[in-house]
Amino acid sequence: MPRSATRLAAAAVFAAALAAVPAKAQDFINVLTGGTSGVYYPLGVALSEIYGKTIEGARTQVQSTKASVENLNLLQQGKGEIGFALGDSVKAAAEGNAEAGFAKPLDKLRAIAAIYPNYVQIVASKESGIAAFADLKGKSLSVGAPKSGTELNARAIFGALGMSYDDLARTEYLPFGESVELIKNRQLDATLQSAGLGVASIKDLATSLPISVVAVPAEVAEKLGAPFQAATIPAGTYEGQAEDVPTLAITNILVTHSGLSDDQAYQMTKQLFENLDQMVAAHNAAKAISLENAVKGLPIPLHPGAERYYKEKGLM
């Protein structure tokens, strides 16, 4: 074959190879959430839709998990790009708290943003006779999935009040939806759920039978300290709740890992805050997400890509 023909053939092969390569490789974003009846899941769905529409080349997926502890362990392993987690779970993960479900410090975790607070919400059937926290003694209670963020909250509260699960007649370790179904069927007295206000599971329960929203004494926040803080579940949050109920709140954090590129982390942070209306449309809890609070009280370092966005906004 003449040399010129050889060069033309090689050029053709090279051009074909170039044509087979997309202009931009797809960025896969797996959003780690929680149970489908909690708040993490609808917000995670909204976040994945935002990223799918606004980040060029992004391909998104939403994964339902056991929430905080599982999400943080998955992120450490690189099995997700962003996940929701409670602030106290994030702190325990960074420290390597084995009792909380972290065999060693998770050193790859990086923060995207502090978002909305979770409220500890203890709800009992009216007929159980549970009106105060001490009334849980001798009763049955679901404390959330084992070593979930909710269950860690429950354990901390019991300890602060000098109680333990041994004081209960029965302890169940169930997701929100399953806990509510047992209460509806008169097979469980109460459920403790750490979630945004107006969580679907408790709304469902409150419309099915009369409930009592049980107070967490203010002294608990003082004993536990940060990231716990005293808070209030406003009257009317759930059907039949006539009065404000004191409780605890813990900030939720959107977490990623150090292996995520700076550009992707920047875009994920930017698109979250530029499309907050879509998050609010997914769940009212997102009304509490604000740029001003995004970098407050974080127990792990910010991802450099997220930090770049906050610097642009004058927050750092």
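The values are calculated or read from the model by the stated rules, or taken from the named source; none is laboratory data. Small disclaimer: the values here were computed from a predicted structure and weren't measured. A quick note on method: Cβ atoms are made from the backbone with ideal geometry, for glycine too, and the neighbour counts reach across all protein chains shown.
Within segment 240-260, work out how many residues are of a type in the set (S, T, N, Q) and under 20 Å from Asn71 (Cβ atoms). Break it down into steps so the answer makes sense when it comes.
To start, the set of residues in segment 240-260 that are of a type in the set (S, T, N, Q) comprises 241, 247, 251-252, 256, 258.
Filter again for under 20 Å from Asn71 (Cβ atoms), leaving 251-252, 256, 258.
Number of matching residues: 4.
Kindly indicate which of Asp189, Asp262, Asp244, Asp277 is surrounded by fewer than 16 Cβ atoms within 10 Å (Cβ to Cβ) and in the same structural domain as Gly129 (by TED's automatic domain parsing).
Asp244
Please find, among Ser37, Ser48, the residue that is in contact with a Gly (Cβ under 7 Å, 6 or more places away or on another chain) and small (Gly, Ala, Ser).
Being in contact with a Gly (Cβ under 7 Å, 6 or more places away or on another chain) and small (Gly, Ala, Ser) holds for just one of Ser37, Ser48, which is Ser37.
Quick one: how many residues across segment 207-238 are part of a loop (DSSP other than H, G, I, E, B) and either touching a residue at least 60 places away in the same chain (Cβ under 8 Å) or closer than 17 Å to Gln193 by Cα (or both)?
Total meeting the criteria: 10.
Does any residue of segment 30-39 turn out to be part of a helix (DSSP H, G or I), within 16 Å of the chain's Cα centre (by Cα) and either of a type outside the set (Lys, Arg) or under 16 Å from Thr256 (Cα atoms) (or both)?
no
Could you name every one of the strands (runs of 3 or more DSSP E) located completely within segment 76-173 that has at least 3 residues being of a type outside the set (A, V, I, L, M, F, W, C)?
Result: 109-125, 170-172.
Can you name the residue in segment 51-95 that is more than 17 Å from Pro227 (Cα to Cα) and free of Cβ contacts under 8 Å to residues at least 24 places away in the same chain and is also farthest from the chain's Cα centre (by Cα) among such residues?
In this case the residue turns out to be Lys53.
Which condition does Glu181 not pass, out of (1) in a helix (DSSP H, G or I); (2) charged (D, E, K, R); (3) in contact (Cβ under 8 Å) with a residue 12 or more places away in the chain, if it passes all the others?
It is condition (3) that Glu181 fails.
Would you mind finding the one in Thr251, Thr207 that is out of contact with any helix residue (DSSP H, G or I) (no Cβ under 9 Å at 6 or more places or on another chain) and either β-branched (Val, Ile, Thr) or within 30 Å of Glu56 (Cβ to Cβ) (or both)?
Working: Thr251 fails: out of contact with any helix residue (DSSP H, G or I) (no Cβ under 9 Å at 6 or more places or on another chain).
So the residue among Thr251, Thr207 that is out of contact with any helix residue (DSSP H, G or I) (no Cβ under 9 Å at 6 or more places or on another chain) and either β-branched (Val, Ile, Thr) or within 30 Å of Glu56 (Cβ to Cβ) (or both) is Thr207.
Assuming Tyr165 fulfils every condition listed in (1) at pLDDT 95 or above; (2) buried (at least 21 other Cβ atoms within 10 Å of the Cβ); (3) among the aromatic types (Phe, Trp, Tyr) apart from one, which condition is it?
Result: Tyr165 passes all but (2).
Going through Leu74, Leu86, Leu106 one at a time, which residue ends up being surrounded by fewer than 21 Cβ atoms within 10 Å (Cβ to Cβ) and within 25 Å of Ser48 (Cα to Cα)? Spell out how you get there, then give the answer.
Numbers: Leu86 fails: surrounded by fewer than 21 Cβ atoms within 10 Å (Cβ to Cβ); Leu106 fails: surrounded by fewer than 21 Cβ atoms within 10 Å (Cβ to Cβ).
So the residue among Leu74, Leu86, Leu106 that is surrounded by fewer than 21 Cβ atoms within 10 Å (Cβ to Cβ) and within 25 Å of Ser48 (Cα to Cα) is Leu74.
Between Glu292, Glu239, Glu222, which is more than 28 Å from Ala190 (Cα to Cα) and either of a type outside the set (Gly, Ala, Ser) or surrounded by 13 or more Cβ atoms within 10 Å (Cβ to Cβ) (or both)?
Answer to the check: Glu292.
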